[in-house]
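Visitor: One structure, pasted below without further comment.
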Amino acid sequence: MIREIVQVGDPVLRKKCEPVKRFDGELCSLLDDMKETVRAAEGAGLAAPQVGVPVRAVVVDVEEGFFEFVNPVFVWQKGEQTGAEGCLSVKGKAGTVLRPNKVKIVFQDRNGDKYSLVARDFFARAVCHELDHLDGILYTDKATDVRDSED
Ligand code: CO
């Protein structure tokens, strides 16, 4: 089911999200809906607070594949990259953001099993952007410029 994407100004986007504790049907529905929602919106990622649920779960949809990260935590961040970002919760805008070029995270899947993953380049950027959402941070807080975009 496609869920409504919350827009900037809604306090749920500024919450420090709670860890996921129950790996149940509700989590599966949330992740399934987030996949459908991000694909319909043609985004590179979506965090649970963006559909109004302040828990630590994100999806990332990039060249490398489609990923679900539950309770993700950075292990390390390396290097730098500067590039353009937008956000499905900040419609019609784009900005330039400095991010690490390579990151390692640990996370759980929808069953609660633990994994680690290294992401680089745009994938790393998407991971950083989505993980920021879990701490109430928007890319516009970090961007050196925010401009109107056609998207
Ligand atoms: Co975003």
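Any read-out appearing in this document is the output of simple, stated calculations on the displayed coordinates, not a laboratory observation. The structure presented is a predicted model; accordingly, all values stated were derived computationally and were not measured. Cβ atoms come from the backbone with ideal geometry, glycine included; neighbour counts cover every protein chain shown.
Visitor: Hey, which lysines would be in cross-link range of LYS15, C-alpha to C-alpha under 23 Å, not counting anything within fewer than 8 residues on its own chain?
Guide: Filter leaves LYS35, LYS91, LYS93, LYS142.
Visitor: So what is the calculated 222 nm ellipticity per residue for the chain, using -39500 (n - 2.57) for each DSSP H run with n of 4 or more, over all residues, to the nearest 500 deg cm²/dmol? If you can, show how the numbers build up before the last one.
Guide: Details: 2 runs with 29 residues, N = 151.
Helix-only estimate at 222 nm: -6000 deg cm²/dmol.
Visitor: Over segment 1-65, calculate the relative contact order: mean separation of alpha carbon pairs under 8 Å at least 6 apart, over the residue count, as a percent.
Guide: Working: 83 pairs, mean separation 27.2, N = 65.
Computed value for segment 1-65: 42 percent relative contact order.
Visitor: Can I ask one more? Let me spell out the model: positive unit charges on the Cβ of Lys and Arg, negative unit charges on the Cβ of Asp and Glu, origin at the Cα centre of segment 11-148. What dipole size does that give, in debye rounded to 20?
Guide: 460
Visitor: Expressed as a rounded percentage, what relative contact order does the chain have, with Cα pairs under 8 Å and six or more residues apart?
Guide: 26
Visitor: When DSSP beta bridges are limited to those with both residues in the chain, what percentage is antiparallel, rounded to the nearest 5?
Guide: Around 95 percent of the beta bridges assigned by DSSP in the chain are antiparallel ones.
Visitor: OK, next. Enumerate the amide H contacts of VAL62 below 5 Å, restricted to partners 5 or more residues apart or on another chain; note that Pro and chain-start residues carry no placed amide H.
Guide: PHE67
Visitor: Along each principal axis of its Cα atoms, how long is segment 11-148 end to end? Whole angstroms, biggest number first, please.
Guide: 41, 29, 27
Visitor: Also, I was wondering about something else. At a 10 Å Cβ-Cβ cut-off, how would you order TYR115, TYR139, fewest neighbours first?
Guide: TYR115, TYR139
Visitor: Run the quick spin-label model on CYS28 and ARG110: label points 7 Å from Cα toward the beta carbon, then report their separation in nm to one decimal.
Guide: Label-label distance for CYS28 and ARG110, simple model: 0.7 nm.
Visitor: I need the chymotrypsin sites (Phe, Trp or Tyr not before Pro) found in segment 1-80, filtered to DSSP loop residues with at most 16 other beta carbons within 10 Å of theirs.
Guide: PHE23
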